[in-house]
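Please read the structure below before turning to the comments.
The values are calculated or read from the model by the stated rules, or taken from the named source; none is laboratory data. Keep in mind that what you see is a predicted model, and the values were worked out from it rather than measured. No Cβ is skipped: glycine too gets one built from the backbone with ideal geometry, and neighbour counts run over all protein chains shown. The area values use the complete protein model at the heavy-atom level, side chains included, leaving out ligands, DNA and RNA. Shrake-Rupley method; radii C 1.70, N 1.55, O 1.52, S 1.80 Å.
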There are 2 protein chains.
Amino acid sequence: MAARMTRQRTAVVEALDELADFRSAQQLHENLRARGESVGLATVYRALQALADASEVDVLRAEDGESLYRRCARREHHHHLVCRSCGRTVEIDGPTVEAWASKVAAAQGFDDIEHTVELWGTCADCRAAASK
Amino acid sequence: MAARMTRQRTAVVEALDELADFRSAQQLHENLRARGESVGLATVYRALQALADASEVDVLRAEDGESLYRRCARREHHHHLVCRSCGRTVEIDGPTVEAWASKVAAAQGFDDIEHTVELWGTCADCRAAASK
DNA sequence: ACGCTTGTTGAGAACGGTTGTCAAAGATCG
DNA sequence: CGATCTTTGACAACCGTTCTCAACAAGCGT
């Protein structure tokens, strides 16, 4: 169970660090190959999974169900405002939302509460590009 | 483009009405077969899709990415508190959340904002059953 | 009631993202 | 260096969902 530091894992982390926004496993894989790093797709998935388990990366689901990964600045719980078309991401937190969520859930007798709060939109740049 | 009322579509709507909680397309399909209604899986998917487009049912993604459907009481925008293990659902709305979401997004220059706010937990019954 | 037209159905193939398989490769330690 | 034991990667398998297309049936006009 000792996590070994391999060339591939390092490469995945590096790729994540360079790309500041949410990316799919496949995008990262392509990115790695493009720069000459030979890494298997399955390995990319495994690395991302491990990083997610260790809370080193945030995972979120695109509207079509694909998983997107990102290395976030803050490790504490937070939410995201993501551009639908380019993936550009802004970290946000909503203290009022947290409080609201747990209060509502508790009032209904629910336990082990987890909440999903994500904002999707089109960023200024993409909007400009679309109406070119 | 005229929507025809077929036996299959009626069956899907009926099944949804009986099952008050969020169910997957496959669960609904099984449910229909179990009661003798012969309906193809693809048809169930199509019916659910059409209903979702018409805002007749709410769709949400389970943690594993599967789509879950439910006929909600209110047609207006609202959120859900869903039991992870039995699918039991409580409709909730959070006026404060709505306001917060659009304000935050606008402040970042984002447009076309959409937000996902769902609460997952374990309902009282399932908690009791688990610690039997 | 009876065709006709046209949307709908269903079985199975296809698809796309993700995970499993397993022999070969390589990281770590003594 | 050698032994050990995790990791890798090409490919198959999976699973939910969508597509294909010939057979079918709603709804409409007569």
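Some observations on this one:
- Within the range A:99-132, tally of residues that are under 24 Å from residue B:95 (Cα atoms) and more than 23 Å from the chain's Cα centre (by Cα): 12
- Evaluation of residue B:35 against (1) over 25 Å from residue B:127 (Cβ atoms); (2) surrounded by 13 or more Cβ atoms within 10 Å (Cβ to Cβ) (one fails), failing number: (2)
- Restricting attention to the range A:34-46, the residues being modelled with pLDDT of 95 or more and of a type outside the set (A, V, I, L, M, F, W, C) number 4.
- Matching option when the condition is free of Cβ contacts under 8 Å to residues at least 40 places away in the same chain and within 23 Å of residue B:76 (Cβ to Cβ), among B:41, B:48: B:48
- Taken over the range B:58-70, the criterion of being surrounded by fewer than 19 Cβ atoms within 10 Å (Cβ to Cβ) and either in a loop (DSSP other than H, G, I, E, B) or more than 13 Å from DNA strand D (Cβ to nearest atom) (or both) is satisfied by B:62, B:63, B:64, B:65, B:66.
- Only residues that are within 12 Å of DNA strand C (Cβ to nearest atom) and part of a loop (DSSP other than H, G, I, E, B) were counted across the range B:1-35, and they come to 6.
- Answer from B:18, B:14, B:91, B:30 - the residue that is in the same structural domain as residue B:126 (by TED's automatic domain parsing) and free of Cβ contacts under 8 Å to residues at least 24 places away in the same chain: B:91
- Cβ pairs under 8 Å, 6+ apart, first in the range A:54-70 and aromatic (Phe, Trp, Tyr), second part of a loop (DSSP other than H, G, I, E, B): A:69/A:22; A:69/A:57
A quick yes/no check of all residues on (1) in contact with a Ser or Thr (Cβ under 8 Å, 6 or more places away or on another chain); (2) more than 8 Å from DNA strand C (Cβ to nearest atom):
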residue: A:37; (1), (2): no, yes
residue: A:54; (1), (2): no, yes
residue: A:58; (1), (2): no, yes
residue: A:64; (1), (2): no, no
residue: A:67; (1), (2): yes, no
residue: A:75; (1), (2): yes, yes
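- Residues that are in contact with a strand residue (DSSP E or B) (Cβ under 8 Å, 6 or more places away or on another chain), more than 14 Å from chain B (Cβ to nearest Cβ) and more than 12 Å from DNA strand D (Cβ to nearest atom) within the range A:23-54 comprise A:23, A:28, A:31, listed in sequence order.
- Qualifying position, being open to solvent by 80 Å² or more (accessible area, probe 1.4 Å), out of contact with any Lys or Arg (no Cβ under 9 Å at 6 or more places or on another chain), away from DNA strand D (no atom under 15 Å from the Cβ) and more than 25 Å from residue A:64 (Cβ to Cβ), among B:106, B:99, B:73: B:73
- Residue within the range B:120-128 that is open to solvent by 30 Å² or more (accessible area, probe 1.4 Å), at the interface with chain A (Cβ under 9 Å from one of its Cβ atoms) and over 19 Å from residue A:112 (Cα atoms) present: no
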